[in-house]
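A quick write-up on the structure given underneath.
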Amino acid sequence: MINRYITESILESLVPGRVTALFGARRTGKTTLINSIAERLSEKRVLKLNGEDLTVAEILASGRQEILENLTKGYDYVIIDEAQSISGIGKNLKLLIDTRPDLSILATGSASFDLRNQIGEPLTGRSVFFMLYPFAYGELGLDYLQSQKSLSEMLIFGAYPQVFLSTTTKEKRLLLENIKNGYLLKDILILDNLKDSLFVMNLLRLVAFQIGNEVSFNELAGQLGTTVKTVQRYLEILEKTFVLFRLNGFSRNHRKEITKSPRYYFWDNGIRNVIINNFSPLEQRDDAGKLWENYCVAERVKKQVYRQTFSDFYFWRTYDQQEIDLIEITDGKMSAFEFKWGVKKVRIPKAFQDHYSDADFQVINRENFIDFLQLAD
């Protein structure tokens, strides 16, 4: 079993009178993680519930103090999986905490922002949030040789737990198809009562081919025969359901810097590749550089979120085509990273060096990526 980096932090957050919420896409290992946490709490009295159970959902959505009190009587901890399925979950958790201030609650959900708002607003000051992604590189415990052997597979098949632990290419592909159709699309379409799965897939395919480039909402709307507002709405939902995340352009109002259009990345390379139905080996592909960039950006963001560095992330580009793949700002310190699948020297763009001479600059390639992504200090 691969230990998840945030396990100890979650355990430390489980104190009386507080709700700890764990967000992440389906199949990233939330249920496995909370089961392991329940085992660690075995000396205490733990009530485990599933929000997709209709009886559980009805009770937890009741808004009735006596029902909630009877449900949790005699328990020290309540663990609720798939809490996004429960109507009015935030208000009911507040009522439960108000009724049982000696209780500690852990809830998971697979759609982040809406559920976070539902829990966070009623429980201001009494809630803590964590994210769980597909396996982060730093969680895998690979040495240098193992890393080099595993890298190509991670760029192609990603690191969803079941996929990563599978031993055959066929099984990995089948699992990714199942995740795409059975889980991601389900959450995407449930959120906001959407019905057009074909539109979602066509939008994702267009975005998948634009890794490392700014996305024009106008162009996407034209290609899909819809409006800019519709494109933006669906992209926001794809972010809420942990399929995509965006980077905005960085600027301090210097001339020629581009900030208007964002770039989008997939949280997992395997999902990107199953969307475009391409699992060819790297040596047969013309998008190895895009896969490497997507992998490095996503893994770096995951690393810093897990380490709670509170970093901000951007890309940088000018109208005369000078660019840097990733800008990271932590405690006011700027670091710039360029990602190259091939091992070659890259010079820092002159305009960036002139304007941001105090920034660190590093090229990340197959030879030096381990320190860049390792979770341990």
Please specify each residue of the stretch 220-240 satisfying the condition of being among the β-branched types (Val, Ile, Thr), touching a residue at least 24 places away in the same chain (Cβ under 8 Å) and part of a helix (DSSP H, G or I). VAL231, ILE237
Within the stretch 221-238, can one find any residue that is under 19 Å from the mean Cα position of the chain (by Cα) and under 21 Å from GLN321 (Cβ atoms)? no
If I filter the stretch 120-138 down to residues being crowded, with 21+ Cβ neighbours inside 10 Å and over 30 Å from PRO101 (Cβ atoms), which single residue comes out as farthest from the chain's Cα centre (by Cα)? TYR137
Identify all residues within the stretch 342-359 that are buried (at least 17 other Cβ atoms within 10 Å of the Cβ), of a type in the set (Gly, Ala, Ser) and free of Cβ contacts under 8 Å to residues at least 60 places away in the same chain; write none if there are none. ALA359
Could we say that VAL207 is touching a strand residue (DSSP E or B) at 6+ places or on another chain (Cβ under 6 Å), in the same structural domain as ASP286 (by TED's automatic domain parsing) and either within 23 Å of LEU33 (Cβ to Cβ) or crowded, with 18+ Cβ neighbours inside 10 Å (or both) here? yes
Within the stretch 291-302, is there a residue that is surrounded by fewer than 17 Cβ atoms within 10 Å (Cβ to Cβ), at pLDDT 95 or above and out of contact with any Leu (no Cβ under 8 Å at 6 or more places or on another chain)? no
Those residues of the stretch 313-341 which are more than 22 Å from ASP354 (Cβ to Cβ) and either free of Cβ contacts under 8 Å to residues at least 24 places away in the same chain or touching a Leu at 6+ places or on another chain (Cβ under 6 Å) (or both) amount to PHE313, ASP331
(1) free of Cβ contacts under 8 Å to residues at least 12 places away in the same chain; (2) under 23 Å from TYR306 (Cβ atoms); (3) among the polar types (S, T, N, Q): which one isn't true of SER127, the others all being true? (1)
So for the stretch 221-238 (the condition being modelled with pLDDT under 95 and charged (D, E, K, R)), does at least one residue qualify? yes
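When only residues in the stretch 191-204 that are more than 30 Å from GLN321 (Cα to Cα), touching a residue at least 12 places away in the same chain (Cβ under 8 Å) and among the hydrophobic types (A, V, I, L, M, F, W, C) count, which is surrounded by the most Cβ atoms within 10 Å (Cβ to Cβ)?
Looking at the filtered set, the residue picked out is VAL200.
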Tell me which helices (runs of 4 or more DSSP H) are completely within the stretch 84-172 and hold 3 or more residues being in the same structural domain as LEU71 (by TED's automatic domain parsing), or say none if there are none. 89-99, 112-120
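From the set of residues in the stretch 1-31 that are in a strand (DSSP E or B) and more than 15 Å from the chain's Cα centre (by Cα), which is farthest from LEU123 (Cα to Cα)?
THR20
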Considering only the stretch 32-60, how many residues are more than 24 Å from LYS94 (Cα to Cα), outside any helix (DSSP H, G or I) and of a type in the set (Gly, Ala, Ser)? 1
Restricting the stretch 191-203 to residues that are modelled with pLDDT under 75 and in a helix (DSSP H, G or I), the one nearest to PHE242 (Cα to Cα) turns out to be LEU191
Given (1) crowded, with 17+ Cβ neighbours inside 10 Å; (2) modelled with pLDDT of 90 or more, number of the condition LEU165 does not satisfy: (1)
Would you call ARG272 touching a strand residue (DSSP E or B) at 6+ places or on another chain (Cβ under 9 Å), crowded, with 22+ Cβ neighbours inside 10 Å and not aromatic (Phe, Trp, Tyr)? yes
If you go through the stretch 241-259 one residue at a time, how many are without any contact (Cβ under 8 Å) to a residue 12 or more places away in the chain and farther than 11 Å from TYR314 by Cα? 2
Can you work out which of the residues in the stretch 3-26 that are farther than 17 Å from GLN308 by Cα and surrounded by 21 or more Cβ atoms within 10 Å (Cβ to Cβ) is modelled with the highest pLDDT? VAL19
Touching a Gly at 6+ places or on another chain (Cβ under 6 Å) and at positive phi: does that describe GLY158? yes
Can you find, within the stretch 204-219, the residue that is farthest from the chain's Cα centre (by Cα) among those that are aliphatic (A, V, I, L, M) and either assigned to a loop (DSSP other than H, G, I, E, B) or farther than 23 Å from ASP268 by Cβ (or both)? VAL215
What single numbered condition from (1) under 18 Å from the mean Cα position of the chain (by Cα); (2) buried (at least 19 other Cβ atoms within 10 Å of the Cβ); (3) among the aromatic types (Phe, Trp, Tyr) fails to hold for PHE339? (1)
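The values are calculated or read from the model by the stated rules, or taken from the named source; none is laboratory data. What you see is a predicted model; the values in this text were computed from it and never measured. All Cβ positions, glycine included, derive from the backbone under ideal geometry; neighbour counts span all protein chains shown.
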